[in-house]
1. Out of segment 140-168, which residues are in contact with a helix residue (DSSP H, G or I) (Cβ under 6 Å, 6 or more places away or on another chain), modelled with pLDDT of 95 or more and of a type outside the set (Phe, Trp, Tyr)?
2. Can you tell me how many residues within segment 159-193 are within 16 Å of Ala145 (Cα to Cα) and among the aliphatic types (A, V, I, L, M)?
3. Kindly provide the set of residues from segment 1-26 that are outside any loop (DSSP other than H, G, I, E, B), touching a residue at least 12 places away in the same chain (Cβ under 8 Å), out of contact with any Phe, Trp or Tyr (no Cβ under 7 Å at 6 or more places or on another chain) and farther than 13 Å from Thr216 by Cα, ordered by number.
4. Only residues in segment 213-231 that are free of Cβ contacts under 8 Å to residues at least 24 places away in the same chain count as the first member; pair them with residues that are in a helix (DSSP H, G or I), Cβ under 9 angstrom, at least 6 apart or cross-chain, and list the lot.
5. Give the residues of segment 160-204 that are under 24 Å from Val140 (Cβ atoms) and not hydrophobic (A, V, I, L, M, F, W, C), sorted by residue number.
6. I need the full set of residues from segment 108-119 which are surrounded by fewer than 21 Cβ atoms within 10 Å (Cβ to Cβ) and touching a residue at least 12 places away in the same chain (Cβ under 8 Å), in order please.
7. Just checking, which of Val74, Val103 is more than 30 Å from Leu233 (Cβ to Cβ), modelled with pLDDT of 95 or more and either out of contact with any helix residue (DSSP H, G or I) (no Cβ under 6 Å at 6 or more places or on another chain) or not hydroxyl-bearing (Ser, Thr, Tyr) (or both)?
8. Which of (1) over 15 Å from the mean Cα position of the chain (by Cα); (2) at pLDDT below 95; (3) in a helix (DSSP H, G or I); (4) within 25 Å of Val208 (Cβ to Cβ) does Glu117 not meet, given it meets every other one?
Amino acid sequence: MFSRTRRGWVAACLIGFGTLFVAFSLGDLLRPLFWPSSWPDYTTLPSPDPTTSFGGVDPEIAADMYRAIVLYHVVHVTVFGGVIGWLQVRVLRTPQVHAVKWVILTVLGFVSIFVFELFRPGIVSGGYPGPAEPLLIGVVGGGLAGLFQWLYLRRRNISTTKWLALWIAGLCTGAALSAVVLTLLGLLGPFMRSALSPSALFVVGQFVFYLVYGVTVGATAGLMSGRAMMEALPLASEPSAA
């Protein structure tokens, strides 16, 4: 599956980004097991925005909730950013690319988005109006990861400027395509509301959103940039370990 081909690159990006976002659904399912009983479920609050104290929750509890949510997002993005980098480097298979460094740079790119939390709490960790969270994680985080990877390859005297441009264009195009697909799926809303309980509808809705968004963004970015990456890197059998 992860052959050193354009198809292999697409598979790595599709699976990596898909896993990154679908795993948020697993987090939603497991959260009640770790969520203190004294804390309200923030998804049911009138406003989950931490700048409004989570819809009137006690300020001290709201502060603890916000820190827990941010920590969860940081850990989640770190782990699955590493998964994306690892899958990508399994495709590249060239001594020009140090496997561990590639993974670390990928993680740093995704984690860098949390600087936005300093200026607008909740914009990455959830609670901001609109699709800011998935866009920042998928498009901006993915774009920064690509930028760090490009800088690394540039220091190795490998020109991947064309790849970087196509990678960023692919992330943006994928986000736009996912919006179209999700809008069309939204037409099934009345049927789903009549067939599922509110709690089940929330779980299914989140899963479908994350699956469509993650897979579409990853696949589109991989498809648009894969050939340029394969053409830029020399052939080899295994990724570098030193």
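1. Across segment 140-168, the qualifying residues are Val140, Gly141, Gly142, Gly143, Leu144, Ala145, Gly146, Gln149, Lys162, Leu164, Leu166, Ile168.
2. Qualifying residue count for the region: 6.
3. Listed by number, the residues that qualify are Arg6, Arg7, Trp9.
4. Filtered contacts from segment 213-231: Glu231/Lys162; Glu231/Trp163.
5. Across segment 160-204, the qualifying residues are Thr160, Thr161, Lys162, Gly170, Thr173, Gly174, Ser178, Thr183.
6. Leu108, Val111, Ser112, Phe114, Phe116, Glu117
7. It is Val74.
8. That leaves (4) as the condition not met.
The values are calculated or read from the model by the stated rules, or taken from the named source; none is laboratory data. These numbers come from a predicted model, not from an experiment. Neighbour counts are summed over all protein chains in view; Cβ atoms, including those assigned to glycine, are modelled from backbone coordinates with ideal geometry.
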